[in-house]
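Participant: My questions will all concern the structure given below.
The values are calculated or read from the model by the stated rules, or taken from the named source; none is laboratory data. Quantities reported herein were computed from a predicted structural model and do not represent experimental measurements. All Cβ positions, even for glycine, are placed from backbone atoms using ideal geometry, and neighbour counts span all protein chains on display. Keep in mind that these areas ignore ligands, DNA and RNA; they rest on the heavy atoms of the full protein, side chains included. Shrake-Rupley method; radii C 1.70, N 1.55, O 1.52, S 1.80 Å.
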Amino acid sequence: MTIDSVKILTENIETSKVKIPRLNERLTEELIFALVGPVGSGCTKSYELLGDILKDSYNYDVNYYHLSDYISDGINLVDEKIPTNLNDSDRIKHLQNIGDKLRQACGNNYLAAKAVEVIAQKRESDGLGGTLGGQAVPKTLRRVHIIDSLKHPDEIKLLKATYGDIFWLIGVFAPLTVREKRLEYQEHLDVKTISTIIQTDYVEDENHGQNVRDVFYQADLFLRNDQDNTTRLKKSLERFVDILFGAPVHTPTLDESSMYAAYAEAAKSACLSRQVGAAIVSPEGELIGLGRNDVPAFGGGLYTEDHGENDHRCHAWKGQHCYNDAKKEGLYQQIFNQLKKANLLAKSVSTEDVTKAVKGTDVKSLIEYSRAVHAEMDAITSVARTHKAGLFEGTLYSTTYPCHSCARHIVASGISKVFFIEPYPKSLAIELHSDATSENEGDIGKKVLFLQYTGIAPKNILKLFKTGLKRKVKSGNLKQFDKKTVPPVVAVSLDDYTTHEKWVIAELAENEQQATEDKQTTIPGT
């Protein structure tokens, strides 16, 4: 902002007496939602229900955007066509392929950027909210934009960077068997085609390919959609929207508060690979254990920031590196040396060549050489260390899917159920312990269940449940909640901070001018 622009603004105020907006008057009620979910989960039904709730109950203007439409619109950019004689299965696979090519040609966030373009065009067509100091200013709108559905991590990065706190991602999921049946009966696909489409949709090896897995766990709300009707799905969406608008009185569920405890514990981890947190709840719902992935300390427990100079976590110990990675690098060299010693390598083959080849195998996924105790193990040992009851038939909440090493300890401890958020592809939990673990809810009471977490993401617990809103009026009665007019509890300004500065300075100039005039009227003889 320049001195000249401030001068022009203040001169406009002096001559025309325009009203300077207060910053809290510029908070928008506009919202952006996007959905993500493995194919067959029911994202389309979810966004339709969400739109109906916001339109009917909250008086919102609802706009829908199908990213798949932009695939069809962009086919000329990659010299592709969509034949009219394709059956349903071939059409889906063909669109997936074109989507990959568009991401490769125009950027991985291309489809989301197209949605942003249309949203901006709609706002432009509605006009702006007048002018101030010769500058056009946007107007607040009670409008929601719902995008179906994201397929790549770069898409969510773009939408978050563009819309900030008014952007919300909803993750919709259903068990694999449910999704397979839906694709078979609703889309009329054969078993082989279903398997191919599901795998392509969930994660592709190419950087520009679909990767629902790495988008899904970043959701702000996780919804299980495995019923034949939409009753439970609608109820979950209604609760989320009520909380988003500050309806009194909602509090976190047991699952939400327990996963939040695990999430908070993860923040204490100094692991160089990733931060993971875990919490254990007794069958009666009591929080009895917490854990994180970090290096164990003598006497029990793990090192913490409080250990100071005696903190011997990997970032502060000896080589200050991940010892699991260091050990694997040594293994790659050992493999090269042994192959060379046995004359099994051509002279032109280098250590780098062998390392690259070996990294394409499961050797890269080895987790045996870490100094850290995993979060789930730390939580289990914390219960034992404090002599607490409730581990048997308890529930473990982990921010990440347990590895196979943790899985065997979970089974042995007597825990009956595990909830997780982030996937962990390296885990062989089900493969190695299918006799005792399952991801099928029908196996409850027979095996330890590993289930996708359902509820509001722990990162949003304080944002949504500790809003500072008053719940009662002066009489002591519950405050009335008018859904038709209430604003969201999380809002952003329509204007950038440089515009805010101009308004603050303009208001300052106005106040100083008024103070000068008031002073002159009180001085005798003026």
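Participant: Residue pairs, Cβ under 9 Å, 6 or more apart or interchain, first in segment 303-327 and in a helix (DSSP H, G or I) and small (Gly, Ala, Ser), second open to solvent by 50 Å² or more (accessible area, probe 1.4 Å) and at pLDDT below 90. List them.
Facilitator: From residues that are in a helix (DSSP H, G or I) and small (Gly, Ala, Ser), the pairs are Ala316/Glu309; Ala326/Tyr369.
Participant: Does segment 413-439 hold any residues that are outside any helix (DSSP H, G or I), under 18 Å from Ser398 (Cα atoms) and either of a type in the set (Val, Ile, Thr) or open to solvent by 50 Å² or more (accessible area, probe 1.4 Å) (or both), and which are they?
Facilitator: Of all residues in segment 413-439, those outside any helix (DSSP H, G or I) come to 414-428, 433-439.
Filter again for under 18 Å from Ser398 (Cα atoms), leaving 414-428, 437-439.
If the condition is that a residue be outside any helix (DSSP H, G or I), under 18 Å from Ser398 (Cα atoms) and either of a type in the set (Val, Ile, Thr) or open to solvent by 50 Å² or more (accessible area, probe 1.4 Å) (or both), then Ile415, Lys417, Val418, Ile421, Pro425, Lys426, Leu428, Thr437, Glu439 are the ones that fit.
Participant: Moving on. Considering only segment 394-406, how many residues are part of a loop (DSSP other than H, G, I, E, B), within 22 Å of Cys271 (Cα to Cα) and touching a residue at least 60 places away in the same chain (Cβ under 8 Å)?
Facilitator: 0
Participant: Restricting attention to segment 18-46, which residues are part of a strand (DSSP E or B) and under 30 Å from Asp228 (Cα atoms)?
Facilitator: Matches in segment 18-46: Leu31, Ile32, Phe33, Ala34, Leu35, Val36.
Participant: Of the residues that sit in segment 330-382 and are crowded, with 17+ Cβ neighbours inside 10 Å and acidic (Asp, Glu), which one is nearest to Phe298 (Cα to Cα)?
Facilitator: Among those residues, the one meeting the criterion is Asp378.
Participant: Need pairs with beta-carbon distance below 7 Å; first residue closer than 17 Å to Gln275 by Cα and polar (S, T, N, Q) and within segment 361-385, second open to solvent by 40 Å² or more (accessible area, probe 1.4 Å) and in a helix (DSSP H, G or I); sequence gap 6+ or separate chains.
Facilitator: Ser370/Tyr323
Participant: Next question, about the same structure. Take the residues in segment 299-329 that are farther than 18 Å from Thr381 by Cβ and aromatic (Phe, Trp, Tyr); name whichever of them is least open to solvent (accessible area, probe 1.4 Å).
Facilitator: It comes out as Tyr323.
Participant: Restricting the search to segment 64-87, which residues are modelled with pLDDT of 95 or more and open to solvent by less than 20 Å² (accessible area, probe 1.4 Å)?
Facilitator: Once the filter is applied, which keeps residues that are modelled with pLDDT of 95 or more and open to solvent by less than 20 Å² (accessible area, probe 1.4 Å), segment 64-87 yields only Tyr65.
Participant: Looking at segment 201-294, what strands (runs of 3 or more DSSP E) fall wholly within it and have at least 1 residues that are open to solvent by 70 Å² or more (accessible area, probe 1.4 Å) and out of contact with any Leu (no Cβ under 9 Å at 6 or more places or on another chain)?
Facilitator: 287-292
Participant: Is there any pair with a first residue in segment 11-37 that is modelled with pLDDT under 90 and a second that is open to solvent by 80 Å² or more (accessible area, probe 1.4 Å) and not hydroxyl-bearing (Ser, Thr, Tyr) whose Cβ atoms are under 6 Å apart and which are 6 or more apart or on different chains, and what are they?
Facilitator: Listed pairs, sorted by first residue: none to list.
Participant: Specify which of the listed residues (Leu391, Leu345, Leu339) is touching a helix residue (DSSP H, G or I) at 6+ places or on another chain (Cβ under 8 Å) and without any contact (Cβ under 8 Å) to a residue 12 or more places away in the chain.
Facilitator: Details: Leu391 fails: without any contact (Cβ under 8 Å) to a residue 12 or more places away in the chain; Leu339 fails: without any contact (Cβ under 8 Å) to a residue 12 or more places away in the chain.
Residue meeting the stated conditions: Leu345.
Participant: Of all residues in segment 154-186, how many are crowded, with 17+ Cβ neighbours inside 10 Å and either under 19 Å from Thr230 (Cα atoms) or at pLDDT below 85 (or both)?
Facilitator: Residues flagged as crowded, with 17+ Cβ neighbours inside 10 Å and either under 19 Å from Thr230 (Cα atoms) or at pLDDT below 85 (or both) within segment 154-186 amount to 11.
Participant: Pick from Arg22, Arg26: which is in contact with a Phe, Trp or Tyr (Cβ under 9 Å, 6 or more places away or on another chain) and buried (at least 20 other Cβ atoms within 10 Å of the Cβ)?
Facilitator: Only one candidate passes the filter, namely Arg26.
Participant: Pairs please, first residue from segment 430-445 and within 15 Å of Ala407 (Cβ to Cβ), second anywhere and outside any helix (DSSP H, G or I) and of a type in the set (Lys, Arg), Cβ atoms under 8 Å, 6+ apart in sequence or on different chains.
Facilitator: Once the first residue is within 15 Å of Ala407 (Cβ to Cβ) and sits in segment 430-445, its partners that are outside any helix (DSSP H, G or I) and of a type in the set (Lys, Arg) give Asp435/Lys447; Ala436/Lys447; Thr437/Lys447; Ser438/Lys446; Ser438/Lys447.
Participant: Shifting gears a bit: Going through segment 449-508 one residue at a time, which ones are open to solvent by 20 Å² or more (accessible area, probe 1.4 Å), over 20 Å from Ser236 (Cα atoms), of a type outside the set (A, V, I, L, M) and part of a helix (DSSP H, G or I)?
Facilitator: Matches in segment 449-508: Tyr497, Thr498, Thr499, His500, Glu501, Lys502, Glu507.
Participant: Among the residues of segment 391-412, count how many are surrounded by fewer than 19 Cβ atoms within 10 Å (Cβ to Cβ) and not hydrophobic (A, V, I, L, M, F, W, C).
Facilitator: 5
Participant: Taking Ser370, is it out of contact with any Phe, Trp or Tyr (no Cβ under 9 Å at 6 or more places or on another chain) and either in a helix (DSSP H, G or I) or hydroxyl-bearing (Ser, Thr, Tyr) (or both)?
Facilitator: No; evaluated as a whole, the condition is false for this residue.
Participant: Also, I was wondering about something else. When segment 88-113 is examined, which residues are found to be under 28 Å from Val144 (Cα atoms) and surrounded by fewer than 20 Cβ atoms within 10 Å (Cβ to Cβ)?
Facilitator: Within segment 88-113, Leu95, Cys106, Gly107, Ala113 qualify.
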